[in-house]
Amino acid sequence: MRVFVTGATGFVGAAVVADLIGAGHQVLGLTRSDAGAKALAAAGAEAHRGSLQDLDSLKHGAERSDGVIHLAFNHDFSTYMANCEDDRRVIAALSSVLAGSDRPLLVTSGTGMSSHGPDQPATEDDRPASSAMVPRAASEEAVDAAVSDGVNACVVRLPQVHDPERQGLISLAVDMAREKRVSAYIGDGANRWAAAHRLDVAQLYRLVLEKGERGARYHAVAEEGVPMRAIAETIGRRLGVPVRSLTPEEAPEFLGFLAMFAGRDGSASSALTRRRLGWSPTGPGLIADLEQLRVDS
């Protein structure tokens, strides 16, 4: 299968490209730069010049492919709401090319986008929250609209994706601990975040591409929930800085925008994904990767 991948040179995207090529697929990777084109060529993929702002370039990439994996997203939190609406437009543009065919469109979301009860892990069958409440849910609303228009679209929800170098939002907590010389969590730190190793996540994208069902949600979750206190303690131990509990009132000043997420429970299940696709993650856990943090960065 010839697969158009947005975000093909990113942290998750590069692993997805390698997994696809290793399984015999061809990859057309979106890139804006010469450096990105060289990286894609080195990985055995073909570069497709364009950007998220150039909707015509996205449509052309989709037209040239048997399926699309959409990973790219602008993570500039200073324009977060606008970025979420931009993603809605990107998905609509890709969908306009794929409508009426069986060519799959995989759209990336997050496990935190689902609407579920308190003290319960998010599941694949949980509907997305409204984008009026959770702006990033615009991506899932766009998928639902695409399915209604005859697109073979589905969603892959990501938790904190990690390896020894990066750990999703937790990397920001690491940077903050280095800067402030304190590793912090909120309250008793019992709230949990779901996690998965990037190579396991890459494999899941391929399985969804090959076997996914129209309109379904899949969870790339290897660990249902890692307590935030354990995360903060590991960071503190590796960096040699004290660990501190913050009150909810102290958190915004100390953690900045990260305080919006750090006190929430982000646990999620992947039981349905594993059963439906035969996915069985084997990579190191989040704490194991955090134990390899470089202390001299």
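Within the set of pairs 6+ apart or on separate chains, which have a first residue in region 236-259 that is free of Cβ contacts under 8 Å to residues at least 40 places away in the same chain, a second that is surrounded by 12 or more Cβ atoms within 10 Å (Cβ to Cβ) and in a helix (DSSP H, G or I), and C-beta atoms under 6 Å apart? Close Cβ pairs satisfying both conditions: 252/259. Screening region 153-172 for residues that are aliphatic (A, V, I, L, M) and outside any loop (DSSP other than H, G, I, E, B) and picking the one that is farthest from residue 264 (Cα to Cα) gives 153.
Summed over region 110-152, residues that are polar (S, T, N, Q), assigned to a helix (DSSP H, G or I) and either buried (at least 19 other Cβ atoms within 10 Å of the Cβ) or touching a strand residue (DSSP E or B) at 6+ places or on another chain (Cβ under 9 Å) (or both) total 2.
Determine whether region 110-120 contains at least one residue that is touching a Gly at 6+ places or on another chain (Cβ under 9 Å), over 17 Å from residue 160 (Cα atoms) and not basic (Lys, Arg). No, region 110-120 has no match at all. Residues of region 70-84 that are touching a helix residue (DSSP H, G or I) at 6+ places or on another chain (Cβ under 8 Å), loosely packed, with under 15 Cβ neighbours inside 10 Å and either part of a helix (DSSP H, G or I) or in contact (Cβ under 8 Å) with a residue 40 or more places away in the chain (or both): 77, 80, 81. For region 20-45, filtered to residues that are over 15 Å from residue 67 (Cα atoms) and not small (Gly, Ala, Ser), the residue that is nearest to the chain's Cα centre (by Cα) is 31.
Output the residue which, of all residues in region 153-194 that are touching a Lys or Arg at 6+ places or on another chain (Cβ under 9 Å) and among the basic types (Lys, Arg), is surrounded by the fewest Cβ atoms within 10 Å (Cβ to Cβ). Ranking the candidates gives 166 first.
Every number in this text was worked out from the coordinates using simple rules, so none of it is lab data. Note that the structure is a prediction, hence the values are computed from the model and not measured. Cβ: placed from backbone, ideal geometry, glycine included. Neighbour counts: every protein chain shown.
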